[in-house]
Amino acid sequence: MDSGVSTDSGASPDSAVVDVPNAPMDSTAPTDAGVATDARTPPADVMMLPAPSCMAATGGGAATSMAPTLLRTLSDRFHEGWLASPAVADLDRDGRNEIVIARAGKLLVYRPDGSIAWSFDVPSSGRIWASPVIVDLAGDANLEVAFAARGSVYVLDARGAMVPGFPYMWRDELRSIAAGDVDGDGRNELVVLTTNPLPSVMMSPRDIMLALEGNGTVVRGWPPNTTMTSGCDTNCFVTGGYDQNLAVGPIDNDASWDVFGAQDNAYLSWHRGSGVAFDANTMFRNRRKVLGVRFLHDLALAQQGYANDENTANQAHFTNTAPAIADIDGDGRNELVFVGSVQNAAQSDRLRGVALWVVNSDASRPALWSTPYHVPMYRAGLWDFDGTNIVGLTNQVTVADMDPMSAGLEMVFAGFDGGIHMVDARKTPRWRFEYTTSNDVLTTGVAVGDLSGDGVPEVVFATYSPRMDASALYVLSANGAMQHRIALPRRGAMSVPTLADVDGNGTIEIIVNLKDGEDRMRSALVYTVAGSHAGCLLWPTGRGNLLRNGYVPRR
């Protein structure tokens with residue numbers, strides 16, 4: 001166990017505040033300073049802020065948040081960060097929060113003052129790709145920390161000891177982990193998704209997902225395809241997923257939660273908690289289960305299962321899709337929400353941008369979403385930067401009630417065009433914020449919470465790049481206008497920032513898990529935002545919550 005103490009002496013020059021609350025709204029704006037633009041909508045600086053989504057802080061707050069200021073540096077050694085958002089929770093129930101940071105080969109738990117409470121070294125230095133899950137697995141109100149490293153699932157108790165039954169070894173690499181009550185027993189289970197499919201058995205489809213009980217045993221009916229539980233036939237097309245490709249939640253509104261997995265092709269997998277695959281709508285020709293529905297943009301082509309002209313027809317690809325489950329339109333039924341990259345059906349042209357999808361539980365599409373919302377421009381993000389450990393863009397969607405006067409929920413996501421987009425439940429684009437004009441600056445997704453105390457949420461995200469000192473932490477208004485841009489050191493942060501009240505004083509901190517590990521210097525940065533309040537955190541961390549399941553409960 002590591003008992004080292006952070007020796008933060010303040011911000012260093014390359015993490016200095018560069019606050020740009022009023023970037024010019026024209027083509028002369030500095031590269032990567034951020035400009036809110038969209039040809040279909042007015043510039044964000046002339047759009048009205050939406051009504052409050054939450055109760056305002058005492059005194060009413062302000063329309064613009066205060067600039068984040070560096071509160072603390074969390075130090076480690078050389079371990080790199082990957083896609084793991086920080087977690088903040090009172091693990092040991094002593095009335096003080098801990099900060100959980102996952103790196104390549106190491107999990108670190110910090111006290112609010114920056115000292116290390118405990119740490120865990122992953123055998124063979126296996127990288128922790130996805131965000132750690134903070135969950136009560138035993139139903140006893142005690143919290144555990146669960147994470148995946150390479151092909152193993154680890155569960156540690158609040159003091160860092162391994163929980164009996166773990167580690168559980170499955171398929172290398174596990175880049176997705178989430179929690180939810182998939183068997184309806186009142187306790188949470190863990191679900192993982194692999195890049196490396198389990199081979200088929202007796203003509204069954206392959207498997208990429210597994211559900212585990214809190215004692216490390218496999219949930220009955222899982223893995224769903226090779227156990228013959230899913231009910232799939234030969235028209236279920238399954239392959240691996242590469243980046244936080246899981247959502248867990250009540251797709252069909254019964255007692256047990258369901259599992260939604262995205263994968264490296266034009267198909268998707270979703271199963272009931274029992275492992276049974278959802279039936280496809282009868283409109284899809286010769287496709288009994290949703291796992292056989294090909295996500296061609298044109299619904300008529302998706303129904304027939306092939307494109308008449310594969311060189312021109314658009315279809316989805318879900319390699320890095322991090323999905324969500326939410327009642328987008330307020331009709332009392334949850335939809336599946338996801339962003340995929342776009343290619344032609346022949347897969348000879350993969351640079352057709354991204355598309356936002358909303359579909360029903362049987363893979364049919366709500367009337368307003370008969371085709372997805374397509375952002376066709378391509379700048380960068382589909383490919384990793386070879387030889388750098390800098391990966392491509394996660395197709396992650398954040399779902400929140402950003403505008404309570406607009407029916408339904410809003411969806412915020414990054415395109416391959418250097419922009420952040422917000423689209424409402426009626427498929428109307430609300431704004432686009434251009435955070436870069438470079439081909440080597442990316443972001444993996446956004447967090448949403450009120451940083452100004454007025455009840456109107458802000459949008460927070462970090463960028464990363466293989467280029468040194470090209471990255472930043474951004475705070476946007478709910479209308480897409482930039483409030484602040486804070487330079488991040490070295491190669492920035494590949495994970496979504498976390499918004500939480502770290503020190504229990506009622507205001508919000510922003511925790512950023514940096515890409516680079518500088519020996520005994522910086523692994524993560526904690527910023528505080530004066531005037532913020534903790535009562536309006538709508539999507540405060542990677543995958544939406546500490547179960548990392550992408551599920552948005554009805555408010």
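The values are calculated or read from the model by the stated rules, or taken from the named source; none is laboratory data. Every value quoted in this text rests on a predicted model; they were computed, and no experiment measured them. All Cβ positions, even for glycine, are placed from backbone atoms using ideal geometry, and neighbour counts span all protein chains on display. To get the accessible areas, we keep the full protein, side chains included, count just its heavy atoms, and leave off ligands, DNA and RNA. Shrake-Rupley method; radii C 1.70, N 1.55, O 1.52, S 1.80 Å.
The residue that is least open to solvent (accessible area, probe 1.4 Å), counting only those in segment 248-257 that are among the aliphatic types (A, V, I, L, M) and farther than 17 Å from Ala363 by Cβ, is Val248.
Of the listed requirements (1) closer than 22 Å to Gly531 by Cα; (2) in contact with a His (Cβ under 9 Å, 6 or more places away or on another chain); (3) open to solvent by 10 Å² or more (accessible area, probe 1.4 Å), Asp401 misses just one: (2). For Asp440, are the conditions met, namely being free of Cβ contacts under 8 Å to residues at least 60 places away in the same chain and either in contact with a Pro (Cβ under 6 Å, 6 or more places away or on another chain) or not aliphatic (A, V, I, L, M) (or both)? No; evaluated as a whole, the condition is false for this residue. Only one entry in Phe278, Phe260, Phe237, Phe295 is open to solvent by 10 Å² or more (accessible area, probe 1.4 Å) and aromatic (Phe, Trp, Tyr), namely Phe237. Of Thr507, Thr541, Thr463, all but one fail to be open to solvent by 10 Å² or more (accessible area, probe 1.4 Å) and among the β-branched types (Val, Ile, Thr); the exception is Thr507.
Checked against (1) more than 24 Å from Thr528 (Cα to Cα); (2) surrounded by fewer than 24 Cβ atoms within 10 Å (Cβ to Cβ); (3) out of contact with any helix residue (DSSP H, G or I) (no Cβ under 8 Å at 6 or more places or on another chain), Lys427 passes all but a single condition, namely (3). When we screen Asp252, Asp264 for residues that are at pLDDT below 95, of a type in the set (D, E, K, R), closer than 30 Å to Glu189 by Cα and in a loop (DSSP other than H, G, I, E, B), the only hit is Asp252.
The number of residues in segment 510-522 that are modelled with pLDDT of 95 or more and either closer than 14 Å to Ala102 by Cα or open to solvent by 20 Å² or more (accessible area, probe 1.4 Å) (or both) comes to 6.
Scanning segment 106-165 for residues that are under 23 Å from the mean Cα position of the chain (by Cα), over 29 Å from Gly504 (Cα atoms) and open to solvent by 30 Å² or more (accessible area, probe 1.4 Å) returns Arg127, Arg150.
Within segment 157-177, can one find any residue that is touching a Pro at 6+ places or on another chain (Cβ under 6 Å) and part of a strand (DSSP E or B)? No: segment 157-177 contains no residue that is touching a Pro at 6+ places or on another chain (Cβ under 6 Å) and part of a strand (DSSP E or B).
Scanning segment 298-324 for residues that are in a loop (DSSP other than H, G, I, E, B) and open to solvent by 40 Å² or more (accessible area, probe 1.4 Å) gives Asp298, Tyr306, Asn308, Asp309, Glu310, Asn311, Thr312.
Just one of the listed residues (Asp258, Asp181, Asp233) is under 19 Å from Phe338 (Cβ atoms) and touching a Lys or Arg at 6+ places or on another chain (Cβ under 7 Å), and it is Asp258. Of all residues in segment 364-411, those being closer than 29 Å to Leu83 by Cα and part of a loop (DSSP other than H, G, I, E, B) number 22.
Take the conditions (1) at pLDDT below 95; (2) farther than 30 Å from Thr234 by Cβ; (3) in a loop (DSSP other than H, G, I, E, B); Met202 misses just one of them, which is (2).
Give the residue that is most open to solvent (accessible area, probe 1.4 Å), with candidates limited to residues of segment 200-212 that are within 28 Å of the chain's Cα centre (by Cα) and without any contact (Cβ under 8 Å) to a residue 40 or more places away in the chain. Result: Arg206.
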